[in-house]
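Asker: Quick one: structure below, then a few questions.
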Amino acid sequence: MYDAPHMTESHVTAAADVKIAARNVQVYYGDNHAIKDVNVDIQDKTVTAFIGPSGCGKSTFLRCLNRMNDTIDVARIEGDIRIDGQDIYDKAVDPVQLRAKVGMVFQKPNPFPKSIYDNVAYGPRIHGLARNKAELDEIVERSLRRGAIWDEVKDRLNAPGTGLSGGQQQRLCIARAVATEPEILLMDEPCSALDPIATGQIEELIDELRRNYALVIVTHSMQQAARVSQKTAYFHLGNLVEYGDTTKIFTNPEDTRTENYITGRIG
Amino acid sequence: MPLIWLAFIVLAVATLGYVMGWRRALSTVGGDARHLHSLPSYYGWNVFLKVVVPAFGLMIAWVLIQPLLIDRSVVQLIPETEVSEGSNIGLVMSEVRRTAQGITAAVAQGDMAPDMATDANADAAEVAQVLKDAGQIVTSDLSPAIVQGAQRYVELSSFGNLLMSIAVLAVGLLAMAWAVRESTPVFRARNVVEQGIKALLIAAASIAILTTIGIILSLVFNTIEFFRLYPAGDFFFLLEWAPSFSGRGGASSLGVLPLLWGTVYISIVALLVAVPIGLFSAIYLSEYASPRVRAIAKPLLEVLAGIPTIVYGLFALLTVGPLLVSVFGDGGLLGVSWQGGGRAVITAGLVMGIMLIPFVSSLSDDIINAVPQAMRDGSYGLGATQSETIKQVVLPAALPGIVGAILLAASRAIGETMIVVLGAGAAARLSLNPFEAMTTVTAKIVSQLTGDSDFASPEALVAFALGMTLFLLTLGLNVFALYIVRKYREQYD
């Protein structure tokens, strides 16, 4: 029925604002072939959701996008990942600089054992983004506002970040990631440790952040993928099975594996 | 009957009780263990515990109380004239006890006729001669009163021992009969055994705590005794340490300050060596080293902790001291003559620092490893380098634990003796020069108590006051360490 892979259509139409382009990406953990031949184009100012059963490689692939896998000794990556046309695995690219540009929010909220202010100011300080205290104050306030947590913490910026509730901690972590002025935000199951109310707040925040960033979110919740994303990629056993508009994936999937997963027959 | 035999008999009775309890419980339900409340072995253990606990309890109490009662009874036999000038009734009583032991041993060997041992009219000189021939140690002038007291002592103790054996066995057998009768299907033997085990564990914990309290009390009372003989003001504020032993006469100056200063100074030098090296090696091992390097390097480093301190002392005396003299001494490499001899603060401090490296590094390494990976990921995810992450995230999170490790190392340094004795010398001195010989509290405790010392003199009792000072110092450090750790501990999740 189709001569070309099914994703071709979507990435051709959106080629104008492709932010991340991955071609033939392979990831090995020691002898384990964790990611097999993944091709994907992630668009700017869009929320892209990675879904799939546990161990399917979606988090692994996410961590390739800001070279977090470099910190794991046994991980080996092949293929080509380009952000704005620049190969991020090129020798000329400093992974440390890359990670400032591609922010990351983790599964469990992980504020540093510092004050709320210092948590947010951490990135700007190590990258020298502020020339003086006033500028730093401004960055912190702007980031906390973007993280939709400013009103809750503005009176206690010197209180430890670890003293906040789980949902607040996760929004603090988002604000912390935003503070380094990234262009892309990667979120690895950002709501899996949160209750439904905090999840709702984070999802609202994700929708707002879409105006400024390209967002990639890994999630186990298909409802969440359907609610927050415009594009969805379905991973299965290390393969990217299907990638396309969220509405299409959830209403009319082309691959039976995707359909089985979405309808709850597997996974 | 010797105590050990009595104990074995009680254990045998208890084992018999175990079997009987088991059997009886099973027989009441016709051999079907499913109708019992507990497994058959619990009925056995129930009987065992109920025999052993009261029997041994009675035995221990008896052994502790009997000598007190006998002493009180025998002391009435000793006329006051026996207590010579400058002595006291306690010394006479220990003489009586020693003679009594001699008589018992002599009778057991067959060197003394049993009737001589009990004969109240026996000639004191004759008894003494027989005891000496039997190889027992007694003083030459055994007075009749002491011999009579000793005889009475022997008589009472053998009677007491007999009585104890009977009482203990009776209690054990009665308890066994009672506990075996208890072994019915409805009896909750399992719960009773559970209680027994709990009591056993509590007893073990109490022994540890009571021993600590006992040691502290002995320190406190001896310290008070010392301050009765020697003015506390002099001890705390005198700037001189010059004990004179009773043989030589003259008054002693027992000021603690020079010793305390030596202790603190050497400890500071040791920590200046141990903390940076230990901490940096911990950071390298936990953050940078590959698993293979770590697997080899960490045990190697910990070998340092296994070296006996006397070996470090030799190392200080024979290697480090001469080496330092060849650098800082007269005609040394630097052309200065700061250091007179191998024994100096810096020698002991350096070697002690080497000894403390594994303490600091091993503990810090564990603490740094306990910082969650999520913290590091968060930092790397923001574009921080490894050293930025360590400096700004990992170390602050691990700091309370690291401070705890350092204070623990400081406690070790303060309590260290052998390295000081061999490396720092024995001169108590108040000086800032690290190339001079100094000494510490611990080294002086050793020198005050070794040799022929009279334990009633302030020169010997001062050891307890010094020990108390050290104890308070390390206790204070430990409390401070706990406070720091509690106050600044970070909740990671």
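The values are calculated or read from the model by the stated rules, or taken from the named source; none is laboratory data. It should be emphasised that the depicted structure is a prediction, and the values quoted were computed from it without experimental measurement. So basically every Cβ, Gly included, is an ideal-geometry build from the backbone, and we count neighbours across all protein chains shown. Only protein heavy atoms, including side chains, enter the accessible area calculation; ligands, DNA and RNA are left aside. Shrake-Rupley method; radii C 1.70, N 1.55, O 1.52, S 1.80 Å.
Table: residues versus (1) at pLDDT below 90; (2) more than 27 Å from the chain's Cα centre (by Cα); (3) within 14 Å of chain A (Cβ to nearest Cβ).
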site	(1), (2), (3)
B:Ala370	yes, yes, yes
B:Val403	yes, no, no
B:Ile414	no, no, no
B:Ala427	yes, yes, no
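Asker: Take B:Leu472 and decide whether it is part of a helix (DSSP H, G or I), open to solvent by less than 40 Å² (accessible area, probe 1.4 Å) and at pLDDT 90 or above. Break it down stepwise before answering.
Answerer: Numbers: part of a helix (DSSP H, G or I): yes; open to solvent by less than 40 Å² (accessible area, probe 1.4 Å): no; at pLDDT 90 or above: yes.
Spelling it out, it is not the case that B:Leu472 is part of a helix (DSSP H, G or I), open to solvent by less than 40 Å² (accessible area, probe 1.4 Å) and at pLDDT 90 or above.
Asker: Got a number for residues in the range A:150-181 being more than 17 Å from A:Gln107 (Cβ to Cβ), part of a helix (DSSP H, G or I) and more than 14 Å from every other protein chain (Cβ to nearest Cβ)?
Answerer: Within the range A:150-181, residues that are more than 17 Å from A:Gln107 (Cβ to Cβ), part of a helix (DSSP H, G or I) and more than 14 Å from every other protein chain (Cβ to nearest Cβ) number 7.
The rows are residues; the columns are (1) surrounded by 22 or more Cβ atoms within 10 Å (Cβ to Cβ); (2) away from every other protein chain (no Cβ under 14 Å); (3) over 29 Å from B:Leu259 (Cβ atoms); (4) touching a helix residue (DSSP H, G or I) at 6+ places or on another chain (Cβ under 7 Å).
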site: B:Pro308; (1), (2), (3), (4): no, yes, no, no
site: B:Val311; (1), (2), (3), (4): no, yes, no, no
site: B:Gly321; (1), (2), (3), (4): yes, yes, no, yes
site: B:Val325; (1), (2), (3), (4): yes, yes, no, no
site: B:Ser337; (1), (2), (3), (4): no, yes, no, no
site: B:Leu350; (1), (2), (3), (4): yes, yes, no, yes
site: B:Leu399; (1), (2), (3), (4): no, no, yes, yes
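Asker: Only residues that are surrounded by fewer than 20 Cβ atoms within 10 Å (Cβ to Cβ) and of a type in the set (A, V, I, L, M, F, W, C): list them for the range A:54-74, please.
Answerer: A:Ile72, A:Val74 - these are the residues of the range A:54-74 that are surrounded by fewer than 20 Cβ atoms within 10 Å (Cβ to Cβ) and of a type in the set (A, V, I, L, M, F, W, C).
Asker: Next question. Looking only at the range A:119-149, which residues are more than 13 Å from every other protein chain (Cβ to nearest Cβ), without any contact (Cβ under 8 Å) to a residue 12 or more places away in the chain and in contact with a helix residue (DSSP H, G or I) (Cβ under 6 Å, 6 or more places away or on another chain)?
Answerer: A:Ala130
Asker: Next question, about the same structure. Out of curiosity, is B:Val394 in contact (Cβ under 8 Å) with a residue 12 or more places away in the chain, of a type in the set (A, V, I, L, M) and within 14 Å of chain A (Cβ to nearest Cβ)? Even if it seems obvious, please write down each step before you answer.
Answerer: Details: in contact (Cβ under 8 Å) with a residue 12 or more places away in the chain: yes; of a type in the set (A, V, I, L, M): yes; within 14 Å of chain A (Cβ to nearest Cβ): yes.
Taking the combined requirement at face value, the residue satisfies it.
Asker: Just to be sure before I move on: is B:Val269 surrounded by 12 or more Cβ atoms within 10 Å (Cβ to Cβ), of a type in the set (Val, Ile, Thr) and out of contact with any Ser or Thr (no Cβ under 8 Å at 6 or more places or on another chain) in the structure I sent?
Answerer: Values: surrounded by 12 or more Cβ atoms within 10 Å (Cβ to Cβ): yes; of a type in the set (Val, Ile, Thr): yes; out of contact with any Ser or Thr (no Cβ under 8 Å at 6 or more places or on another chain): yes.
For B:Val269, the condition - surrounded by 12 or more Cβ atoms within 10 Å (Cβ to Cβ), of a type in the set (Val, Ile, Thr) and out of contact with any Ser or Thr (no Cβ under 8 Å at 6 or more places or on another chain) - is met.
Asker: Is there a residue in the range B:215-234 that is part of a loop (DSSP other than H, G, I, E, B) and without any contact (Cβ under 8 Å) to a residue 24 or more places away in the chain? Reasoning before the result, please.
Answerer: Step one: of the range B:215-234, the residues part of a loop (DSSP other than H, G, I, E, B) are B:230-231.
If we keep only those that are without any contact (Cβ under 8 Å) to a residue 24 or more places away in the chain too, we end up with B:231.
So far as the range B:215-234 goes, yes, one or more of its residues are part of a loop (DSSP other than H, G, I, E, B) and without any contact (Cβ under 8 Å) to a residue 24 or more places away in the chain.
Asker: Starting from residues that are touching a Ser or Thr at 6+ places or on another chain (Cβ under 6 Å) and within 24 Å of B:Met164 (Cα to Cα), keep the ones in the range B:1-27 and report whichever is surrounded by the fewest Cβ atoms within 10 Å (Cβ to Cβ). Full working, then the answer.
Answerer: Start the filter on the range B:1-27 by keeping residues that are touching a Ser or Thr at 6+ places or on another chain (Cβ under 6 Å), which leaves B:1, B:6, B:21, B:24-25.
Okay, now just the ones that are also within 24 Å of B:Met164 (Cα to Cα), so B:1, B:6.
Values: B:Met1: 13, B:Leu6: 19.
Once the filter is applied, the top-ranked residue is B:Met1.
Asker: Okay, moving on. B:Val47 passes all but one of (1) within 30 Å of B:Lys198 (Cβ to Cβ); (2) surrounded by fewer than 18 Cβ atoms within 10 Å (Cβ to Cβ); which number fails?
Answerer: (2)
Asker: List the strands (runs of 3 or more DSSP E) that sit entirely inside the range A:182-263 and contain at least 3 residues that are over 16 Å from the mean Cα position of the chain (by Cα).
Answerer: Values: elements: A:184-188, A:214-218, A:231-236, A:239-245.
In the range A:182-263, A:239-245 are the strands (runs of 3 or more DSSP E) which contain 3 or more residues that are over 16 Å from the mean Cα position of the chain (by Cα).
Asker: Show the residue pairs that are 6+ apart or on different chains and have beta-carbon atoms under 7 Å apart, the first residue being within the range B:50-66 and of a type in the set (Asp, Glu), the second being in a helix (DSSP H, G or I).
Answerer: Taking only residues 6 or more apart or on different chains, not a single pair turns up.
Asker: Inspect all residues belonging to the range B:431-441 and state whether any of them is over 30 Å from B:Lys487 (Cα atoms), more than 22 Å from the chain's Cα centre (by Cα) and assigned to a helix (DSSP H, G or I). Break it down into steps so the answer makes sense when it comes.
Answerer: Residues of the range B:431-441 that are over 30 Å from B:Lys487 (Cα atoms), as a first pass: B:431-441.
Of the ones still in play, those that are also more than 22 Å from the chain's Cα centre (by Cα) are B:431-439.
Now narrow it down to the ones that are assigned to a helix (DSSP H, G or I): none.
No, the range B:431-441 contains no residue that is over 30 Å from B:Lys487 (Cα atoms), more than 22 Å from the chain's Cα centre (by Cα) and assigned to a helix (DSSP H, G or I).
Asker: Then there is this: Taking the range B:28-44 only, how many residues are without any contact (Cβ under 8 Å) to a residue 40 or more places away in the chain and surrounded by fewer than 21 Cβ atoms within 10 Å (Cβ to Cβ)?
Answerer: If we filter the range B:28-44 for residues that are without any contact (Cβ under 8 Å) to a residue 40 or more places away in the chain, which is where we start, we get B:30-34, B:40-41, B:44.
The next check asks that each one be surrounded by fewer than 21 Cβ atoms within 10 Å (Cβ to Cβ); those that pass are B:30-34, B:40-41.
Of the residues in the range B:28-44, 7 are without any contact (Cβ under 8 Å) to a residue 40 or more places away in the chain and surrounded by fewer than 21 Cβ atoms within 10 Å (Cβ to Cβ).
Asker: Among the listed residues B:Thr442, B:Thr417, which satisfies the condition of being among the polar types (S, T, N, Q), open to solvent by less than 20 Å² (accessible area, probe 1.4 Å) and within 25 Å of B:Gly278 (Cβ to Cβ)? Show your work before the answer.
Answerer: Numbers: B:Thr417 fails: open to solvent by less than 20 Å² (accessible area, probe 1.4 Å).
Going through B:Thr442, B:Thr417 in turn, just one is among the polar types (S, T, N, Q), open to solvent by less than 20 Å² (accessible area, probe 1.4 Å) and within 25 Å of B:Gly278 (Cβ to Cβ): B:Thr442.
Asker: Among the numbered conditions (1) crowded, with 24+ Cβ neighbours inside 10 Å; (2) more than 17 Å from B:Ile307 (Cβ to Cβ); (3) more than 14 Å from every other protein chain (Cβ to nearest Cβ), tell me where B:Asp366 comes up short.
Answerer: Answer for B:Asp366: the failing condition is (1).
Asker: Could you list, in sequence order, the residues of the range B:369-389 that are farther than 30 Å from B:Leu304 by Cα, surrounded by fewer than 22 Cβ atoms within 10 Å (Cβ to Cβ) and aliphatic (A, V, I, L, M)? Break it down into steps so the answer makes sense when it comes.
Answerer: To start, the set of residues in the range B:369-389 that are farther than 30 Å from B:Leu304 by Cα comprises B:374-385, B:388.
This time we only want the ones that are surrounded by fewer than 22 Cβ atoms within 10 Å (Cβ to Cβ), so: B:374-377, B:385, B:388.
Answer for the range B:369-389, where residues must be farther than 30 Å from B:Leu304 by Cα, surrounded by fewer than 22 Cβ atoms within 10 Å (Cβ to Cβ) and aliphatic (A, V, I, L, M): B:Ala374, B:Met375.
Asker: I need the full set of residues from the range A:67-112 which are of a type in the set (D, E, K, R), at the interface with chain B (Cβ under 10 Å from one of its Cβ atoms) and within 21 Å of A:Ile217 (Cα to Cα), in order please. Break it down into steps so the answer makes sense when it comes.
Answerer: Of the residues in the range A:67-112, the ones of a type in the set (D, E, K, R) are A:67, A:70, A:73, A:76, A:78, A:80, A:82, A:84, A:87, A:90-91, A:94, A:99, A:101, A:108.
Still in the list and also at the interface with chain B (Cβ under 10 Å from one of its Cβ atoms): A:67, A:70, A:73, A:94, A:99, A:101, A:108.
Residues satisfying the conditions are A:Arg67, A:Asp70, A:Arg99, A:Lys101, A:Lys108.
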